[in-house]
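K.L.:
Quick one: the structure is below, questions incoming.
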Amino acid sequence: MNAMGFERILGGVCAPKGFLASGVACGIKAEGKPDLALLYSEFPAAAAGVFTTNEMKAAPVKLCKEIVDGPCARAVVINSGCANAMTGKRGDDDAHAMVRFAEKALGVGAGQVLVASTGHIGEYLLVDKVTSGIKQAVDELSVGGNTDAAKAIMTTDSYPKELAAEMEIGGKVVRLGAMAKGAGMMHPNMATMIAVITTDLALPRERMSDWLKKSVEWSFNRITVDGDQSTNDTVLMLANGAAFPDGHVLTDEEADLFFRVLCWLTGRLARSLVKDGEGAGKLLRVVVNSARDDVEAERVARAIANSNLVKCSLYGGSVNVGRIAAAAGSAGVSIEQSKLAIYVGEHKVVEFGEPVEHDPRDIEKMTRRGEVEVTVSLGVGLAAAQILTCDLSKEYVAINAGE
């Protein structure tokens with residue numbers, strides 16, 4: 001195990017015991033691309049979820065919010081290519097049909113299949129193709145199906161995103177696995193994303209829900225690509241207890257370890273979503289410190305991260321401190337200009353609210369690395385926050401101009 005008490009492993013959502021997955025092409029996407037994923041737990045699992053706060057919630061989001069509070073979950077079915085959002089009663093009926101067919105195909109009870117969709121908004125789900133895909137996905141379930149599933153939930157992602165880790169708890173190996181998608185329409189809460197997390201540790205629902213919400217708040221809710229909020233954001237977590245058939249009560253130390261690994265996993269996945277943002281070439285980490293409170297720190301960091309002018313400068317290979325300061329000042333937070341300091345990496349470029357002489361070549365070198373950190377110190381308190389974002393490129397415009 002590493003210094004943090006865990007090891008990164010392969011296997012994605014299938015790394016924990018008792019989970020099988022598959023990914024198939026059912027015909028929603030063109031050119032035979034995979035567009036339906038199925039995750040199945042061989043044992044009843046406790047479930048928790050975090051969902052979009054957008055008022056135009058998609059049909060599968062509304063349905064999944066109802067199901068996730070049920071006694072147990074056995075599976076998650078996800079389609080890509082069609083969001084089943086802004087589809088009225090027909091969309092609600094289609095989401096229910098998708099769940100019912102999966103329950104029947106898997107032979108599990110009602111209310112044990114969670115559902116999610118991602119893709120184009122305002123298009124009806126091709127239910128006949130989806131149900132045919134579910135049947136195929138059930139037939140192809142395997143412990144090695146994690147990457148196929150991760151590929152099947154992709155939309156404009158350029159590669160599948162999955163991660164897994166193991167740790168020792170109670171003298172046994174316990175694992176966490178996950179897959180996620182998302183590349184555009186990314187803005188909390190959460191981002192245009194679907195994520196599924198699995199573990200073979202048994203967790204009380206309330207504790208798991210609390211841990212999931214906290215880990216999402218510090219990861220998926222701290223990223224932005226374009227400032228637009230999705231109708232379909234869904235993060236689900238399933239805990240099937242397969243690592244301890246006879247049960248296990250976590251010690252405080254074990255609980256801290258598990259939560260730390262969960263936060264590592266969601267944080268790494270969130271970072272990968274931003275790095276793979278539509279047309280993204282550079283990652284920008286915006287850190288705001290010395291704020292009055294956490295809320296003000298986050299508001300300033302988010303204002304900078306969502307500034308198209310800041311993001312365009314980054315794409316062009318520069319970091320325009322004037323644009324950073326202007327974005328900070330637009331956050332609706334009282335700023336004392338004489339206490340403001342701005343750093344690009346380790347280079348101080350603003351002090352006491354005024355420019356500091358520096359060599360622009362140092363900044364240019366940093367932007368060529370592909371990752372840049374901007375720190376804004378407000379000088380009025382002890383609170384801090386960070387937001388991850390990316391540059392705004394011609395490729396982003398080209399991708400979305402055709403939508």
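K.L.:
Filter the strands (runs of 3 or more DSSP E) completely within the stretch 100-200 down to those with at least 3 residues that are touching a helix residue (DSSP H, G or I) at 6+ places or on another chain (Cβ under 9 Å) and not assigned by TED's automatic domain parsing to the domain that holds A47. Let's see the steps before the verdict.
P.N.:
On the way: elements: 113-120, 161-169, 172-181, 194-199.
Those strands (runs of 3 or more DSSP E) do not exist here; none qualify.
K.L.:
Exactly one condition in (1) assigned to a loop (DSSP other than H, G, I, E, B); (2) modelled with pLDDT of 95 or more is not met by P71; state its number.
P.N.:
Failed condition: (2).
K.L.:
Starting from residues that are acidic (D, E) and under 22 Å from the mean Cα position of the chain (by Cα), keep the ones in the stretch 352-392 and report whichever is farthest from A341 (Cα to Cα). Spell out how you get there, then give the answer.
P.N.:
Filtering the stretch 352-392 down to residues acidic (D, E) leaves 354, 357, 359, 362, 364, 371, 373, 391.
The next check asks that each one be under 22 Å from the mean Cα position of the chain (by Cα); those that pass are 371, 373, 391.
Working: E371: 21, E373: 14, D391: 22 Å.
Per the criteria, the residue is D391.
K.L.:
Give the residues of the stretch 313-335 that are closer than 22 Å to V356 by Cα and at pLDDT below 85, sorted by residue number.
P.N.:
S313, L314, G316, G317, S318, V319
K.L.:
So, one more: Residue by residue through the stretch 352-379, note down the ones that are under 15 Å from A328 (Cβ atoms) and acidic (D, E).
P.N.:
Selection gives E354 alone.
K.L.:
Within the stretch 222-281, which residues are part of a loop (DSSP other than H, G, I, E, B), modelled with pLDDT of 90 or more and in contact with a Phe, Trp or Tyr (Cβ under 8 Å, 6 or more places away or on another chain)?
P.N.:
Hits for the stretch 222-281 are D233, N240, G241, A242, L250.
K.L.:
Consider only pairs whose beta carbons are under 7 Å apart and that are at least six residues apart or on different chains; among these, list those whose first residue lies in the stretch 42-57 and is more than 22 Å from G107 (Cα to Cα) and assigned by TED's automatic domain parsing to the domain that holds Q112 and whose second residue is part of a loop (DSSP other than H, G, I, E, B) and of a type in the set (D, E, K, R).
P.N.:
F51/D233; T52/D233
The values are calculated or read from the model by the stated rules, or taken from the named source; none is laboratory data. Being a predicted model, the structure only gives us computed values, none of them experimental. A quick note on method: Cβ atoms are made from the backbone with ideal geometry, for glycine too, and the neighbour counts reach across all protein chains shown.
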